[in-house]
Amino acid sequence: MAFSKADMYSNKERSRARVSNALAHPARVRILNQLKYGEMPFQRLVELHPISKASLSTHLRTLRLAGLVDYSYSGRMYVYSNLPENFPNWLELMLDGMKYSDTLRDAA
């Protein structure tokens, strides 16, 4: 029987790794911070981020695969929202902490 390295880790461990990877980029953290206040159309996210549409789309895909955001199609546009049931308390605390640290940095 062949041995796969994927068999070494539980589904829960792999899921946590996907979430950790999703949080490993500042653009994705910013997207999560913006979506925690409600859903947002893709075009509005484009306006708020100084990156290309293709890069933003890739970041959103990473967040979707990690189970942190979802999207729906409304009219002629994609609308993104976070998934509160998949938004663990530690993630909320981390994002709030980042907002607080930004305030401290700006005050310095």
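Across the stretch 25-59, the number of residues qualifying as modelled with pLDDT of 90 or more and in a loop (DSSP other than H, G, I, E, B) comes to 6.
Residues of the stretch 65-77 that are surrounded by 14 or more Cβ atoms within 10 Å (Cβ to Cβ) and closer than 10 Å to residue 39 by Cβ: 69, 70, 71.
The values are calculated or read from the model by the stated rules, or taken from the named source; none is laboratory data. This is a predicted model, so every value here is computed, not measured. So basically every Cβ, Gly included, is an ideal-geometry build from the backbone, and we count neighbours across all protein chains shown.
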